[in-house]
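**Student:** One structure is given below, represented as structure tokens, and several questions about it will come after.
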Amino acid sequence: MTPHTVGESAVPWTAPFSESAEFYDALYTAERDYAAQATRVAALARTVRPGAATVLDVACGTGLHLEQLRQHFICEGVDASEAMLRIAQRRNPGLRFHLADMRSFAIGRRYDVLICLFSSITYAGDLPGLRRTLKTFAAHLVPGGVCLVEPFLPYEQWVDLPTGHLRTVDLPDLTVAMVDRARRRGRSVVREVAYAVATPNGVRQVLERHTFGLFSSDEYVDAFRGAGFEVTFDPEGFDPTRGLYVARLRPRGERE
């Protein structure tokens with residue numbers, strides 16, 4: 001890792017979420033109504049595939065959606081962060097979790113429903129990665145299965161901000177100040193995040209660098225269709241700045 005100087009101390013860049021997983025929920029939970037979203041996922045899934053019983057959550061993070069969805073379905077989760085999965089497992093004892101890359105995981109079974117939310121699909125990285133990811137998703141769905149993907153801003157809407165964002169949490173045993181800045185580099189965005197963290201054990205700093213892909217609306221649709229899905233876009237989704245792709249895996253032999 002390359003040290004980055006903050007004041008007079010050298011703070012190393014860490015892998016995404018390897019150090020920040022422990023306070024991720026404190027920073028983001030207030031933004032999302034996980035119970036309401038899980039209820040909507042269940043309704044969408046059973047509208048497209050009546051009788052749906054199994055769910056795979058890709059990029060499941062700390063397992064907050066699964067905590068709700070397990071009340072409706074038999075659930076499993078996939079994530080590329082071991083630190084996130086440790087929290088998800090503690091939150092959801094008894095569920096199966098898989099440490100894997102969304103572009104290439106191979107669990108060996110198929111599900112009625114697959115979800116990938118909170119713009120995690122952008123970690124596919126580039127257009128070939130997006131196509132591989134959606135083909136991997138298709139390989140883990142039963143014919144007629146449902147795929148729900150929450151994208152990020154389409155490529156054509158991205159605008160670099162002059163500075164960045166500040167987010168803070170102040171709890172009895174945890175105080176976090178997070179500053180992030182994101183810049184487009186070609187068809188990718190590099191997001192640098194700095195955390196100042198205070199706990200009863202002391203104060204520390206954490207730095208992360210994330211790289212994610214930007215895709216146009218047409219590229220999303222083409223990638224879904226190329227993977228064998230019929231797809232529609234709900235512009236409201238859970239968040240109107242993101243929207244939601246609702247896709248159904250066409251059974252073999254079914255025409256578009």
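The values are calculated or read from the model by the stated rules, or taken from the named source; none is laboratory data. Bear in mind that the values here come from a model prediction, so they are computed numbers and not experimental data. Note that we place each Cβ from the backbone using ideal geometry, even for glycine, and neighbour counts take in every protein chain shown.
**Student:** Could you pull out the residue among 175, 168 that is farther than 22 Å from residue 105 by Cβ and buried (at least 16 other Cβ atoms within 10 Å of the Cβ)?
**Tutor:** Values: 168 fails: buried (at least 16 other Cβ atoms within 10 Å of the Cβ).
Checking each option against the conditions leaves just 175.
**Student:** Here are some residues: 130, 141, 134, 117. Which one is touching an Asp or Glu at 6+ places or on another chain (Cβ under 6 Å), in contact (Cβ under 8 Å) with a residue 12 or more places away in the chain, among the hydrophobic types (A, V, I, L, M, F, W, C) and assigned by TED's automatic domain parsing to the domain that holds residue 65?
**Tutor:** 117
**Student:** Right, here's the next one. When the residues of segment 179-202 are filtered to those that are of a type in the set (D, E, K, R) and part of a strand (DSSP E or B), which remaining residue is surrounded by the fewest Cβ atoms within 10 Å (Cβ to Cβ)?
**Tutor:** Among those residues, the one meeting the criterion is 185.
**Student:** Check off (1) in a helix (DSSP H, G or I); (2) closer than 18 Å to residue 56 by Cα for residue 118 and give me the number that stays unchecked.
**Tutor:** Answer for residue 118: the failing condition is (1).
**Student:** Looking at segment 70-81, is at least one residue at pLDDT 95 or above, more than 15 Å from the chain's Cα centre (by Cα), in a loop (DSSP other than H, G, I, E, B) and of a type in the set (Gly, Ala, Ser)?
**Tutor:** Within segment 70-81, not a single residue is at pLDDT 95 or above, more than 15 Å from the chain's Cα centre (by Cα), in a loop (DSSP other than H, G, I, E, B) and of a type in the set (Gly, Ala, Ser).
**Student:** Continuing with this model, one more query. Can you tell me which residue among 206, 176 is part of a strand (DSSP E or B), at negative phi and in contact with a helix residue (DSSP H, G or I) (Cβ under 6 Å, 6 or more places away or on another chain)?
**Tutor:** Matching residue, one of 206, 176: 176.
**Student:** Just one of 88, 106 is under 21 Å from residue 75 (Cα atoms), aliphatic (A, V, I, L, M), in contact (Cβ under 8 Å) with a residue 12 or more places away in the chain and surrounded by fewer than 16 Cβ atoms within 10 Å (Cβ to Cβ); which is it? I'd like the intermediate steps shown before the answer.
**Tutor:** On the way: 88 fails: surrounded by fewer than 16 Cβ atoms within 10 Å (Cβ to Cβ).
Result of the check over 88, 106: 106.
**Student:** So, residue 163, is that one crowded, with 18+ Cβ neighbours inside 10 Å, outside any strand (DSSP E or B) and either touching a residue at least 60 places away in the same chain (Cβ under 8 Å) or not aliphatic (A, V, I, L, M) (or both) or not?
**Tutor:** For residue 163, the condition - crowded, with 18+ Cβ neighbours inside 10 Å, outside any strand (DSSP E or B) and either touching a residue at least 60 places away in the same chain (Cβ under 8 Å) or not aliphatic (A, V, I, L, M) (or both) - is not met.
**Student:** Still on this model: Name the residues in segment 6-60 that are among the charged types (D, E, K, R), farther than 21 Å from residue 75 by Cα and loosely packed, with under 15 Cβ neighbours inside 10 Å, would you? Give the steps one after another, and end with the answer.
**Tutor:** Applying the first criterion (among the charged types (D, E, K, R)) to segment 6-60 yields 8, 19, 22, 25, 31-33, 40, 46, 49, 57.
Add one more test, that the residue is farther than 21 Å from residue 75 by Cα, and what stays is 8, 19, 22, 31.
Listed by number, the residues that qualify are 8, 31.
**Student:** Still on this structure, I have one more. Could you list all residues from segment 180-206 that are of a type in the set (A, V, I, L, M, F, W, C) and under 14 Å from residue 23 (Cβ atoms)?
**Tutor:** Passing the criteria: 193, 194, 196, 197, 198, 203, 206.
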